[in-house]
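Read the structure below first, then the notes.
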């Protein structure tokens, strides 16, 4: 049982990472990761939606016919996102002004439908909730990493405007790494996003290969999966 | 299992899809009702804050309620009026510039003498790092309108320096500041044309 949960956790965070392995959700990824703060905001909002959509879809999985499952999932996910959008707008308006743009983007995030289809429709509610949480956290970590590289190279800062997202208490996170930096515009624009994603993807492959090689070297049991 | 048979029936599939659509619509309708009032309250507060930024003066009325709608070349404009002792002291309205990538929505405050009290960009989609210097957080450029009026600078000087005008352009981005300058100039022309109506001097019933 614990082994299963470890598996789900590892899949979400690393082995089957939404951005770097499944290569899903690249549109929102490239669009919002010009700063760490935006990446974090998008990641957290997506995580919240992913957990609930996975749970709901898992709960109704026995009643849904295979032939009409996609429209049903889409209607459920769109409803959920709209509910989140409306309640944030009404009750946490300051946060909504920062996240508002991202929330609408979540509907078209194929990672959510992807997890509904690949995992939640075949698994129990608890497993699906954990899968949603881990996939979401893996997604958030990827966005923060990409956002960090792009923001550092592009504008010489990290966590700019963090107080808008996390409250004034987190203003200390906002650091200017390179003072008097003229900016490297390419990194902020979408092409820079593609380059950073590509380089990080390559780095992940290298790390994975090294790990496999080391495992073989130690000559323990073959680690095929 | 009975559910398995049912799921493969066409009627069940159609009905289940319809049922889900109906259920989610009901949920959304209820949620929309529940949040409507709070959303309006929050947006009214937003409006009030954005008006207050371009109204650096004392006034004693509820600006968000004291409005007049007038036609302009850009369509109808809602004008918010700040009064002191019943007299209109300043007006605030939106102007829209055509930027490099879509509309640049600005709000400008104008005193009864026709002087600019302040201009702020509310919404834009200009290139980050180039055109976004119209935001006060990125550059002081937007403050260069403060205190200006038609006549200072002269009409032909209401342009960016590249076009022989008085306002700075940005390195690598001329279209954005040009659009904002043009929008603000248009705003002042609108004020000059509708002055008496804006200042409530022709016995308009607001």
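Just so it is clear, none of the values below were taken in a lab; they were calculated from the coordinates. Quick caveat: nothing in here was measured; it's all calculated off a predicted structure. No Cβ is skipped: glycine too gets one built from the backbone with ideal geometry, and neighbour counts run over all protein chains shown.
Across chain A, the mean sequence separation of Cα contacts (distance under 8 Å, 6 or more residues apart), normalised by length, yields a relative contact order of 30 percent.
With an 8 Å cut-off on Cα pairs and a minimum separation of 6 or more residues, tell me the relative contact order of region A:33-147 in percent. Averaging sequence separation for qualifying contacts and normalising by length gives 57 percent for region A:33-147.
Look at A:134, A:1 and count the other Cβ atoms within 10 Å of each Cβ; fewest to most, that gives A:1, A:134. For chain B, the longest principal axis of the Cα atoms and the long axis of helix B:10-53 meet at an angle of about 20 degrees.
Using the Cβ-Cβ distance between residue A:125 and residue B:98 with R0 = 45 Å, the FRET efficiency computed as 1/(1 + (r/R0)^6) comes to roughly 0.30. Dividing the summed -39500 (n - 2.57) terms of all DSSP H runs of n ≥ 4 by the residue count of the protein assembly as shown sets its mean residue ellipticity at 222 nm at -18000 deg cm²/dmol. Take the Cα radius of gyration of region B:2-51 and divide it by 2.2 N^0.38 Å, N being the number of residues; the result is 2.07. GNM on chain B, C-alpha springs below 10 Å: top fluctuator among B:133, B:162, B:115? Of the options given, B:162 has the highest mean-square fluctuation. Spin-label pair residue B:45-residue A:217: with each label point 7 Å from Cα along the Cα-Cβ axis, the two points sit 5.9 nm from one another.
A straight line joining the Cα centroids of region A:49-99 and region A:182-200 runs 31 Å.
Seen against the Cα atoms of chain B and their longest principal axis, helix B:175-198 is set at about 80 degrees.
For chain B, relative contact order (Cα pairs under 8 Å, six or more residues apart, normalised by length) works out to 15 percent. Ellipsoid fit via the Cα gyration tensor, region B:87-206: semi-axes of 27, 15, 11 Å, each the root of five times an eigenvalue, largest first. For chain B, the alpha carbon convex hull comes to 201 Å³ per residue, rounded to a whole number. The value obtained for region A:1-103, namely the Cα convex hull volume divided by the number of residues, is 141 Å³ per residue.
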